[in-house]
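Derivation of every value follows stated rules applied to the coordinates shown; laboratory data play no part. Only a predicted model underlies this, so the values are computations on that prediction, with no experimental measurement involved. Positions of Cβ are generated from backbone atoms using ideal geometry, with glycine treated the same way; all protein chains shown enter the neighbour counts.
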Amino acid sequence: MGEAFAGRTVGKKAMLWGILAQSIPDIDFISSLWLNTADHLLAHRGFTHSLLFAVLVSPLFALFAEKWHRPHNISYKRWLSFFGTVILVHIFLDAFNNYGVGWFEPFSHYRISFNIMYVADPFFSIVPGIALLMLLILPKRKIERRFWWKTGVVAGFIYLLYCTGNKIYINHRVKKLLDSQQVAYTRFFTTPAPLQNWLWFVVAGNDSGYYTGYVSVFDSQESIQLHYSPRNDSLLLLVKDNKDVNKLIRFSQQFYTLEHNADTILFNDLRFGQIIGWQNPEERFAFYYYLQPKLDNTLAVQRGRFAKWDKEVFQSFLHRIRGN
């Protein structure tokens with residue numbers, strides 16, 4: 001986007017502006033230096049990913065860049081439109097995965113989650129990555145540069161549309177399967193399993209508990225294998241003095257369960273899927289937080305996500321993607 005905006009005027013430095021503008025919302029990572037895990041979960045992708053933040057920061061970036069590159073033929077309004085667009089694209093893309101983005105902070109704590117892409121999808125990044133490499137290699141005045149920035153932007157956009165189509169298809173299919181299997185639910189979502197967009201993790205249930213399972217866009221069977229996890233809200237009485245509980249419930253958007261595990265009480269956020277759940281439906285959820293006793297919760301979001309991956313697990317993953 002930086003190359004498209006000002007590559008012919010300020011050269012490859014335009015891409016540096018694009019990198020800086022695209023990265024600035026993630027400055028909230030520094031909150032982890034002084035906040036505990038529960039507070040940081042809500043701070044991350046909070047205010048710095050809001051529409052208000054984009055409105056406040058874009059004029060400052062535009063003013064600095066416009067002065068830095070003088071003399072040039074780029075107006076302040078054009079700089080402003082560039083920085084505003086890049087920052088808005090960042091917070092828009094972040095809403096495509098399952099973490100949740102606080103677009104309306106500080107006026108509303110409601111989080112936007114489209115659950116359309118896994119947080120790290122290499123198929124989204126391959127073509128833009130190649131385009132970036134070519135833009136770094138090619139000289140400033142080469143006409144081929146226009147082809148590569150267009151390729152990078154358009155390829156990413158097309159893949160987003162493809163993933164959105166998969167999401168619509170999976171949601172429609174899963175709702176029919178749940179109805180045919182007479183599964184009662186008041187809350188429901190689907191989200192991609194790791195690193196791709198063909199195998200999807202399904203959660204459906206209510207305040208009593210949740211059914212979980214996996215569906216591939218290539219499935220042919222008219223059924224879905226489901227595993228039930230009770231929510232176990234009664235365990236909240238044992239941790240009523242834990243100040244993190246309400247923050248975790250808010251972060252999970254009500255998609256949570258509690259469980260005894262040995263001598264601990266775990267809080268599971270179901271939105272982040274299971275560790276190799278397509279192979280073992282009783283596997284632990286990827287997000288689990290120790291409520292009692294207070295143990296290390298630094299990596300609660302993706303705790304052990306790929307710890308059990310080996311050749312056999314990877315083969316079963318590919319087999320499940322191909323459909324049942």
message: Between Ile265, Ile249, which is in a strand (DSSP E or B), touching a strand residue (DSSP E or B) at 6+ places or on another chain (Cβ under 7 Å), of a type outside the set (Asp, Glu) and under 26 Å from Thr186 (Cα atoms)?
response: Ile265
- prompt: If you go through segment 206-243 one residue at a time, how many are farther than 17 Å from Ile170 by Cα and either crowded, with 21+ Cβ neighbours inside 10 Å or of a type outside the set (D, E, K, R) (or both)?
  reply: 17
field: Where Tyr256 falls short, out of the listed (1) aromatic (Phe, Trp, Tyr); (2) under 24 Å from Asp39 (Cβ atoms); (3) touching a Ser or Thr at 6+ places or on another chain (Cβ under 8 Å)
entry: (3)
message: Yes or no: segment 21-34 includes at least one residue that is in contact with a Leu (Cβ under 9 Å, 6 or more places away or on another chain), surrounded by fewer than 18 Cβ atoms within 10 Å (Cβ to Cβ) and closer than 22 Å to Gly84 by Cβ.
response: no
task: Look through segment 14-54, keep the residues that are touching a residue at least 24 places away in the same chain (Cβ under 8 Å) and over 23 Å from the mean Cα position of the chain (by Cα), and return whichever of them is nearest to His109 (Cα to Cα).
output: Trp17
message: For segment 135-158, check the following and say yes or no: at least one residue is in contact with a Gly (Cβ under 9 Å, 6 or more places away or on another chain), surrounded by 15 or more Cβ atoms within 10 Å (Cβ to Cβ) and among the polar types (S, T, N, Q).
response: no
